[in-house]
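The values are calculated or read from the model by the stated rules, or taken from the named source; none is laboratory data. The structure displayed is predicted, hence computed values, not measured ones. Note that each Cβ is placed from the backbone with ideal geometry, even for glycine, and that neighbours are counted across all protein chains shown. These accessible areas exclude ligands, DNA and RNA; they are computed on the full protein's heavy atoms, side chains included. Shrake-Rupley method; radii C 1.70, N 1.55, O 1.52, S 1.80 Å.
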Amino acid sequence: MTQQGRAGLTAVGGPDVRLGLRVNLAQFMLLAVVNFFVGGMVGLERTVTPLVGAEQFHLGEIAISAFVVVFGLTKAITNAVGGAVTGRHTRKAILITGWVIGLPVPFMLAYGPSWAWVIAANVLLGVNQGLTWSMTVNMKIEPDRSRAPRRRPGHQRDRRLPRRRGHRAGHRLPGTWSGLRPGPELLGAGYAIAGLALSVLAVRDTAAWARAEARQHPRQDGPHPPFREIALRVSWTDRTLAAVSQAGLVSNLNDGLVWVVLPVLLVSHGVSVTGVGYIKALYPFIWAAGMIATGHLADRIGRKPPIVAGMLIQAAGLAVITAGISHALAAGLAGAFLLGAGTSLVYPTLLAAVSDATHPDWRASALGVYRFWRDSGYAVGALIGGVTAALASLDTAIGVAAVLTAASGLLAWTFMRETHPPHAEPAPHP
């Protein structure tokens, strides 16, 4: 970028605002660390809570699924609300509010005397995740226009989309722990305190970066659309955004179903709690490690191929678990690897696709609606898993998730347009 171009970018957002990953690397890495603590808060539940319900409270599959249903619905609604209120409150204030709400959660999970305490804790956890996750993702996306628009004959300079949204969305660090109460839950207190401290003392608000990018991409279709119109676009009227939303929902559907069903299924086939911990740890580890590479991949080859491939790989992982359940530990490890690999392809790419297809002025609201549908998948998956397991069997529930995930990948292939062509000039912001 020329010196004049850099000066222009700085002036657009104010004296301290420069767009680009390199100049904002410290802020970006800080948000990645905060994102790790956000993931750790929910990761601590993945192994132990279903087993606590089954072994300590002697609950059936449908009752156990209630905590994921409540978590998913609360997080989904909070995502939508969080996206809608970013114009009224700073991103940093919303992030801090999310951490404060999450502080009681680890203690309620660790020492709650009944399953009702677990349900109540998951209401707070859903709000915590909805606010903190939404804000860390938005704040990582906003400062980076990592390269200047490239001049091409016959094309305008100021119409090029940011090229590394997939890379940025790929820096997510979920956490997971194994063992029963209270140890893993109390680790969450450390996550919450550390995340709150960093958010208060070190994180900078990024609204100015969003305004800077918005000024470089004048709207082509009139004023800022109302939230209702944005919700309709993301949910239904825009085929690409609707295809992305359904893929996000189904990806979290299989995650929510596996969250409820898999630990109980593995233990019923002779896998120890430690073995379940290894399997449940492998999935987010592959997911997190893979996203560093898959974010780059989506920036190079486009969004659609990783999304479709990722959904089909997730379906294959679920099928491996079902087909190989007689060798439960091996099947669980192989299935967890494939689930993690598939999710690493899908997760950052879906976020990047929504960002590609929306204008900076209303991107935060659009991402909130997308995350509403995505995190509704937790509730839908937990319900399908609990009901199917109760009426048929645990492994049948996993098989149902495999079929739904494969179908979702085919729907994305059919209806989604490519939002980031690898060798073509992208269209202007909508």
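So what's Rg/Rh here for segment 313-367, counting alpha carbon atoms and using the Kirkwood radius for Rh? My calculation of the ratio gives 1.29.
Modelled spin-label separation between GLU418 and ILE77, with each label point placed 7 Å from Cα along the Cα-to-Cβ direction: 4.1 nm.
Within segment 221-287, the proportion of Cα pairs with more than 19 Å between them is 55 percent.
Distances between every pair of Cα atoms in segment 257-346, grouped in 10 Å steps from 0 to the bin holding the largest one, split as 19, 47, 24, 9, 1 percent. Per residue, the accessible area of segment 334-417 comes to 28 Å² when a 1.4 Å probe rolls over the protein heavy atoms.
The reciprocal of the average 1/r between distinct C-alpha atoms defines the Kirkwood hydrodynamic radius, which for segment 341-415 equals 14.2 Å. In this calculation the C-beta distance from ALA390 to ILE292 is compared with R0 = 45 Å, giving a FRET efficiency of 0.70. Which percent of the accessible heavy-atom area of segment 291-388 goes to carbon and sulfur, probe 1.4 angstrom? Whole-percent figure for carbon plus sulfur exposure: 77.
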